[in-house]
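Reviewing the structure listed below.
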Amino acid sequence: MAGYVYEFSQGGRDMADLLGGKGANLAEMTRLGLPVPPGFTVTTDACREYLATGEEPGELAGQVAHALVELERRTGRELGGRDNPLLLSVRSGSKFSMPGMMETILDIGLGDASVLGLAKATGSERFAWDSYRRLLQMYGRTVLGIAPGLFDRRGSTDDPARLVEDYKQVIRDATGEEFPQDPGAQLYRSIRAVFRSWNSERARLYRRREHIPDDLGTAVNIQVMVFGNLGPDSGTGVAFTRDPATGARGVYGDYLQDAQGEDVVAGIRNAVPLAELERLDPPSYRQLIDHMGTLEHHYRDLCDIEFTIERGTLWMLQTRVGKRTAEAAFRIAEALVDEELIGEDEALARVSGAQLARLMFPRFEAHVDTKPLVHGVPASPGAAVGAIAFDSAEAVRRAATGEKVILVRRETTPDDLPGMVAAEAVLTSRGGKTSHAAVVARGMGKVCVCGAEELTVDVEARTLTAPDRTVLAEGTVLSVDGTAGTVHLGALPLTDSPVGRFLDTGERDGAFTDAVARTLEHADSVGRLGVRANADTPEDATRARRYGAEGIGLCRTEHMFLGERRGLIEAMILAEDETGRRTALDALLPLQRADFAGILAAMDGLPVTIRLIDPPLHEFLPDRTELAVRVATHPTAHDRRLLAAVERMHESNPMLGLRGVRLGLVVPGLVEMQVRAIAEAVVERLRDGGDPRAEIMVPLVGTVEELRLVRAAAERVLAEVSKASGFTVDCPIGTMIELPRAALTAGRIAEAADFFSFGTNDLTQTAWGLSRDDVEASFFPAYLAQGVFATSPFETLDRDGVGRLVRIAVEEGRATNPTLKIGVCGEHGGDPDSIHFFHDTGLDYVSCSPFRVPAARLEAGRAAL
Ligand code: ADP
Ligand code: MG
Ligand code: MG
């Protein structure tokens with residue numbers, strides 16, 4: 001016979017699958033010898049069977065009856081008896097806590113006869129009738145499905161005995177039935193109602209939001225009632241073993257005198273701080289503190305507790321490992337290490353990179369509760385306040401006067417970079433988490449909310465129209481919450497981030513930052529995967545280093561061709577002969593050299609992987625239409641030649657066009673110039689007594705032949721510079737693996753490579769045949785909604801497809817060259833889930849934007865546990 005019923009003394013905390021979390025923990029407390037009102041649990045198996053077939057298992061009634069007889073024997077009372085009746089609570093409780101989502105029915109067993117017995121036993125008629133009234137209400141609502149309003153409307157008297165008659169009438173009117181006087185019927189029907197509450201609308205909704213599976217079912221706990229509403233020496237409360245907001249030690253919770261648990265939740269009367277209980281009922285208070293200590297030691301974690309005091313006797317009604325804020329998570333974990341309850345590994349396992357990332361940035365004060373102007377995608381965390389600027393130039397202009405600005409665009413392009421740098425936050429009406437605005441903002445640690453589609457951004461009119469039709473002019477102050485994805489009108493109060501300050505200065509200013517520091521240290525000590533940063537400037541490199549990066553995994557060189565240097569690129573492209581091109585390249589050389597020297601200095605002693613130019617050259621030329629208009633209206637010889645070049649270089653699919661290594665093989669002298677700039681920067685640093693560790697990385701290689709050609713050219717230049725300078729310049733030369741063909745022929749490519757770095761953004765694009773810049777606006781939302789993707793493959797690495805390519809390349813690359821260093825430098829390098837995959841796949845390092853480095857270090861450590 002299958003066992004569907006477990007007495008509390010038979011269960012334990014590891015049985016939550018079967019007994020639900022509440023049942024398992026009631027059993028655990030019972031076994032610990034804490035004062036738990038006795039009872040038993042009906043298993044989730046029984047619930048699942050009931051929900052699947054519409055009928056409870058045949059054996060259930062017998063097993064419940066058996067457990068009930070045992071309970072009556074133990075308590076010496078009879079369910080619904082005439083003298084001192086036994087009353088029961090019937091409580092839901094699934095494996096994962098779903099607070100308040102399912103049903104609980106109290107005071108089961110009361111009826112016209114037993115109410116008098118209860119009155120006599122407790123000496124309080126009022127209490128007995130009030131309990132009966134409560135039962136009618138809960139039973140009516142939960143078991144019979146009567147709208148709560150029907151009871152409230154009847155609630156005009158405060159004589160509970162009369163209310164009982166009124167409520168019986170409500171039940172009669174609504175259902176045509178009498179309230180069942182048979183306590184057994186009350187019990188069984190309540191059990192079924194709790195089963196059914198698993199599938200209530202709100203429970204389903206909650207599960208969807210919390211990603212709790214729909215097929216677990218709930219257990220049902222049947223427990224002897226204790227009464228907190230028996231006068232001033234009774235009461236009920238909730239308690240936490242530490243402050244769930246900050247993690248601080250102390251007495252936290254609320255207590256409500258002369259009340260039943262539901263009154264606390266309903267907020268009917270004002271609760272007092274738990275510390276008051278010390279004055280109201282010192283013995284119970286001391287016992288409670290004692291039990292809290294027992295629980296925290298036993299669970300080795302923060303516990304939350306529900307308790308009731310019945311005429312001076314303390315009863316424990318519930319406990320579980322409590323939810324907490326990110327700050328509290330770090331602080332509690334390290335405090336428990338100090339108390340020798342857990343080890344450093346366990347402490348590390350209990351926090352996450354996502355929590356750390358949330359703590360790094362300023363945020364709006366928690367109590368602030370204004371209605372947002374609009375919701376968008378929370379693309380880059382933190383909080384910022386500033387005045388609207390509708391374009392990059394305006395943002396720069398306002399920022400130069402010391403004003404804080406929010407750059408507001410429909411979407412951003414590389415031309416918006418100066419404005420993004422100048423702004424506190426970026427707000428766009430289009431695009432998702434991997435749009436240009438989102439990626440760049442995250443890289444810079446700027447707050448970003450993107451895809452706020454209900455906003456109308458009119459750059460020409462320089463207005464922003466909110467969903468409520470408010471029209472906002474340039475200069476209007478907004479508050480942008482990149483963690484929540486909301487935008488508010490006006491300036492909300494900000495709180496600084498202690499973690500951000502710690503990361504910047506290394507100063508630990510209290511228990512909280514100390515906990516974060518220690519957790520990170522431990523992560524570094526156990527992590528096998530290195531963490532580098534993607535950084536293109538000495539400032540970013542310096543920050544990355546402060547944040548604990550062990551090198552630069554991707555230094556892009558293309559920004560070194562922007563701004564004033566555009567002219568030089570134009571000259572190089574327009575050059576009609578070898579001499580012209582040489583002149584242009586020679587002019588670029590010292591500029592690039594200085595850039596590299598700066599970064600190598602900032603990263604002295606650490607590897608710096610410099611990627612040769614990657615984007616299609618025409619990205620450095622003016623827009624075709626604008627240029628055509630200019631040529632039509634004010635023709636100049638220069639513009640005409642420029643237009644011809646733009647047209648010549650036009651590609652309908654530049655992402656798959658003349659870019660990456662292809663440029664190096666087609667534009668004479670380009671690779672040589674870049675490698676010379678790197679080599680000479682290395683020499684410069686060596687002359688200054690530095691320890692430069694430059695690595696040269698070739699993008700978009702599809703076949704080993706390409707890499708061989710570039711490698712030969714690069715080695716020639718390195719040899720020349722070595723000879724000329726007298727210093728040995730010996731840079732490793734490697735390649736990005738970002739095309740499926742590269743991954744599939746990695747065994748060959750490794751013949752010519754000292755290292756691989758997976759460019760997982762391009763690899764995802766090319767493996768899926770998806771253009772990252774386009775899909776977000778077009779069909780991604782529909783795909784996500786229909787469940788084709790759970791998350792965007794640009795955010796979290798697609799293990800099955802793209803991940804398989806990574807695995808093949810690692811295996812075959814290392815088979816050819818066992819010392820091959822392998823890293824990843826796509827956005828995925830900062831994504832927790834992807835980091836665990838890269839660890840498992842045996843990569844040497846991940847590289848991500850400087851602001852993601854601390855979280856990546858934490859996750860690299862967690863991956864190694
Ligand atoms: P939830 O899962 O929504 O917290 P519970 O099963 O914990 O629901 O029940 C809600 C409240 O009902 C409890 O906080 C407690 O105050 C009260 N309650 C439940 N069982 C009993 C009992 N045996 N005696 C007294 N009060 C009870
Ligand atoms: Mg509860
Ligand atoms: Mg790429």
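Pairs linking a residue in the stretch 720-740 that is farther than 22 Å from R687 by Cα to a residue that is of a type in the set (D, E) and part of a loop (DSSP other than H, G, I, E, B), with Cβ atoms under 9 Å and 6 or more positions apart or on different chains, are I733/D754; G734/D754; M736/D614. Just one residue in the set T175, T157 is among the polar types (S, T, N, Q) and over 30 Å from E59 (Cβ atoms); that residue is T157. Among the residues of the stretch 92-102, the one identified as at pLDDT 90 or above and within 9 Å of ligand 2 (Cβ to nearest atom) is G93.
Each residue in the stretch 719-752 was checked for being crowded, with 20+ Cβ neighbours inside 10 Å and touching a Gly at 6+ places or on another chain (Cβ under 6 Å), and 6 of them qualify. Quick one: is D514 more than 19 Å from A549 (Cβ to Cβ) and surrounded by fewer than 18 Cβ atoms within 10 Å (Cβ to Cβ)? Yes: the conditions hold for D514.
When we screen F195, F151 for residues that are touching a Phe, Trp or Tyr at 6+ places or on another chain (Cβ under 8 Å) and more than 26 Å from V36 (Cα to Cα), the only hit is F151.
Screening the stretch 105-189 for helices (runs of 4 or more DSSP H) wholly inside it with 1 or more residues that are outside the structural domain of G39 (by TED's automatic domain parsing) and in contact with a Pro (Cβ under 7 Å, 6 or more places away or on another chain) returns the ranges 125-142.
Determine, yes or no, whether P699 is surrounded by fewer than 16 Cβ atoms within 10 Å (Cβ to Cβ) and closer than 24 Å to L591 by Cβ. It is false that P699 is surrounded by fewer than 16 Cβ atoms within 10 Å (Cβ to Cβ) and closer than 24 Å to L591 by Cβ. Residues in the stretch 81-135 that are among the charged types (D, E, K, R) and closer than 19 Å to L216 by Cα: R91, K95, E103.
For every residue, the table says whether it meets (1) within 21 Å of T313 (Cβ to Cβ); (2) within 16 Å of ligand 3 (Cβ to nearest atom); (3) without any contact (Cβ under 8 Å) to a residue 12 or more places away in the chain.
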residue: E7; (1), (2), (3): no, no, no
residue: M29; (1), (2), (3): yes, no, no
residue: P35; (1), (2), (3): yes, no, no
residue: T43; (1), (2), (3): no, no, no
residue: G62; (1), (2), (3): no, no, yes
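E28 meets each of the listed conditions (1) more than 13 Å from ligand 1 (Cβ to nearest atom); (2) not in a helix (DSSP H, G or I) apart from (2). So V447 ticks every box in (1) over 23 Å from G829 (Cα atoms); (2) at pLDDT below 95 but one. Which box is left unticked? Answer for V447: the failing condition is (1). One residue stands out in the stretch 238-259 among those that are at negative phi, touching a strand residue (DSSP E or B) at 6+ places or on another chain (Cβ under 6 Å) and not hydrophobic (A, V, I, L, M, F, W, C): the one that is farthest from ligand 2 (Cβ to nearest atom), namely R249.
Taking each residue of the stretch 303-316 that is outside any strand (DSSP E or B) and looking for partners that are more than 11 Å from ligand 2 (Cβ to nearest atom) with beta-carbon atoms closer than 6 Å, six or more apart or interchain, yields R311/L230; R311/D233; R311/S234; G312/D233.
Residues of the stretch 302-316 that are surrounded by 21 or more Cβ atoms within 10 Å (Cβ to Cβ) and either more than 15 Å from ligand 1 (Cβ to nearest atom) or more than 20 Å from N229 (Cα to Cα) (or both): L302, C303, D304. Among the residues of the stretch 198-228 satisfying the criterion of being small (G, A, S) and modelled with pLDDT of 95 or more, which is farthest from ligand 1 (Cβ to nearest atom)? Here the answer is G217. Only one of the numbered conditions (1) within 30 Å of P362 (Cα to Cα); (2) modelled with pLDDT of 95 or more; (3) within 16 Å of ligand 1 (Cβ to nearest atom) is violated by T319, and that is (1).
Being of a type in the set (D, E, K, R), over 30 Å from S771 (Cβ atoms) and touching a Phe, Trp or Tyr at 6+ places or on another chain (Cβ under 9 Å) narrows it down to one of R640, R687, so name that one.
Values: R640 fails: touching a Phe, Trp or Tyr at 6+ places or on another chain (Cβ under 9 Å).
When all the criteria are applied, what remains is R687.
Matching residues to (1) part of a loop (DSSP other than H, G, I, E, B); (2) crowded, with 24+ Cβ neighbours inside 10 Å; (3) at pLDDT 95 or above:
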site: G3; (1), (2), (3): yes, no, no
site: G20; (1), (2), (3): no, yes, yes
site: L34; (1), (2), (3): yes, no, yes
site: T41; (1), (2), (3): no, yes, yes
site: D45; (1), (2), (3): no, no, yes
site: V64; (1), (2), (3): no, no, yes
site: E70; (1), (2), (3): no, no, yes
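Of all residues in the stretch 103-110, at least one satisfies being out of contact with any Phe, Trp or Tyr (no Cβ under 9 Å at 6 or more places or on another chain), at pLDDT below 95 and away from ligand 3 (no atom under 16 Å from the Cβ).
Output the residue which, of all residues in the stretch 322-332 that are assigned to a helix (DSSP H, G or I) and touching a residue at least 40 places away in the same chain (Cβ under 8 Å), is surrounded by the fewest Cβ atoms within 10 Å (Cβ to Cβ). Give the derivation first.
Start the filter on the stretch 322-332 by keeping residues that are assigned to a helix (DSSP H, G or I), which leaves 326-332.
Retained after the next criterion (residues that are touching a residue at least 40 places away in the same chain (Cβ under 8 Å)): 327-332.
Values: E327: 21, A328: 24, A329: 23, F330: 30, R331: 27, I332: 28.
Among residues in the stretch 322-332 that are assigned to a helix (DSSP H, G or I) and touching a residue at least 40 places away in the same chain (Cβ under 8 Å), the one surrounded by the fewest Cβ atoms within 10 Å (Cβ to Cβ) is E327.
Among the conditions (1) closer than 22 Å to L820 by Cα; (2) more than 41 Å from the chain's Cα centre (by Cα); (3) away from ligand 3 (no atom under 16 Å from the Cβ), the only one that A694 does not satisfy is (2). For the stretch 79-121, a residue qualifies if it is crowded, with 19+ Cβ neighbours inside 10 Å, over 49 Å from the mean Cα position of the chain (by Cα) and not small (G, A, S), and the qualifying residues are P85, V115, L118. Just to be sure I understand the filter: pairs with C-beta atoms under 6 Å, separated by 6 or more residues or on different chains, first member in the stretch 557-572 and farther than 17 Å from V666 by Cβ, second member surrounded by fewer than 16 Cβ atoms within 10 Å (Cβ to Cβ) and not acidic (D, E). Which pairs pass? Note: pairs meeting the criteria are L568/A587. Summed over the stretch 427-452, the residues that are part of a helix (DSSP H, G or I), surrounded by fewer than 24 Cβ atoms within 10 Å (Cβ to Cβ) and free of Cβ contacts under 8 Å to residues at least 60 places away in the same chain give a count of 1. V531 is checked against (1) part of a helix (DSSP H, G or I); (2) closer than 23 Å to G842 by Cβ and fails just one. What number does that condition carry? Failing condition for V531: (1).
The values are calculated or read from the model by the stated rules, or taken from the named source; none is laboratory data. Please read all numbers here as calculations on a predicted model, not as lab measurements. Cβ atoms come from the backbone with ideal geometry, glycine included; neighbour counts cover every protein chain shown.
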